[in-house]
Amino acid sequence: MEGWRRGVDGAPLGTAEVAAASGYSVQQVRDLEAQGVIPPASRSAAGYRRFSAGHVEALRAYRDLAFAVGPVAARHVMRAVRSEPRVTAAALVSGLHQRLHDERAQALAARTALEAISGEAETEAEPVASDAMTITELSQALGVRSSTLRFWEQCGLVAPDRVPTPSGSSRRYGLTAIREARITAALRAGGYRIPEVELAITAIRDLGETGESAAALDARLESIADRTIALLRAGAFLAAELSDGPGR
């Protein structure tokens, strides 16, 4: 590991040189060293930090990691690949790829849900009380039985409100519940199974306002692709650290 700490020509690098090469400020380089993102620099006789080309590579890898999965996870992984057992650290890196895979699957599921109702009229109006429907009205609008709506509710696919009545309570479907019922009906008619519909409904709920726009979901998928590429760029450095780190 001593060679890792030298510059390409064997000459040490000052903090300003490392900052310029990595795109970070001098203070950021110091902070990332203090946080353990990069190994400690050696010190000259006068007490100045002396970095290496390896430190520059580590900072560039951290930049890509932070873009791909966020700075908190990136810091954790950068420390782990140097200090944790190889099996543990490799699992952490694998988890980053899985994390992006899950985000992609969620966005695709939400996209599928929107496509299922893309041919229907949409409204941007704010919800008002008159937009709500009873279970009978909604079942007639969708062409399904009331018992089917109750079954979807039991599966967590549709969440109507409950309003008090003289005899107890009744279901009222606001715009969100109507939309979820429309998605469910369209997907079920298209042959999707309940677990697949649940994935789509959950994705729409989790993405919140993003789920309102197919264009926004397309942009999200593009962003995930960019982050995946950044993670792959960082991968070469992480693989080298896992192969050549202390005790390996």
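The values are calculated or read from the model by the stated rules, or taken from the named source; none is laboratory data. Bear in mind the structure is a predicted one, so any value in this text is a computation, not a measurement. No Cβ is skipped: glycine too gets one built from the backbone with ideal geometry, and neighbour counts run over all protein chains shown. Heads up: the accessible areas ignore ligands, DNA and RNA and are worked out on the full protein's heavy atoms, side chains in. Shrake-Rupley method; radii C 1.70, N 1.55, O 1.52, S 1.80 Å.
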Next item on the list: Pull up the range 46-100, narrow it to residues that are closer than 19 Å to residue 230 by Cβ and acidic (Asp, Glu), then point me to the one that is most open to solvent (accessible area, probe 1.4 Å).
Entry: 57
Item checked: Residues of the range 129-178 that turn out to be of a type in the set (A, V, I, L, M) and in a helix (DSSP H, G or I), as a count -> 9
Notebook entry, point to check: What number of residues within the range 112-139 are at pLDDT 55 or above and under 22 Å from residue 162 (Cβ atoms)?
Noted result: 10
Notebook entry, point to check: Within the range 156-189, how many residues are under 28 Å from the mean Cα position of the chain (by Cα) and open to solvent by 40 Å² or more (accessible area, probe 1.4 Å)?
Noted result: 4
Margin query: Under 7 Å between Cβ atoms, which residue pairs at least 6 apart in sequence (or on different chains) link something in the range 50-70 that is over 15 Å from residue 25 (Cβ atoms) with a partner that is open to solvent by 10 Å² or more (accessible area, probe 1.4 Å) and charged (D, E, K, R)?
Written below: 50/43; 52/5; 52/6; 54/5; 64/233; 67/227; 68/227; 69/99
Check: Which residues, taken from the range 190-229, are small (Gly, Ala, Ser), modelled with pLDDT of 85 or more and surrounded by fewer than 16 Cβ atoms within 10 Å (Cβ to Cβ)?
Finding: 219, 223, 225
Notebook entry, point to check: Which one is modelled with the highest pLDDT among residues in the range 46-70 that are more than 29 Å from the chain's Cα centre (by Cα) and aliphatic (A, V, I, L, M)?
Noted result: 53
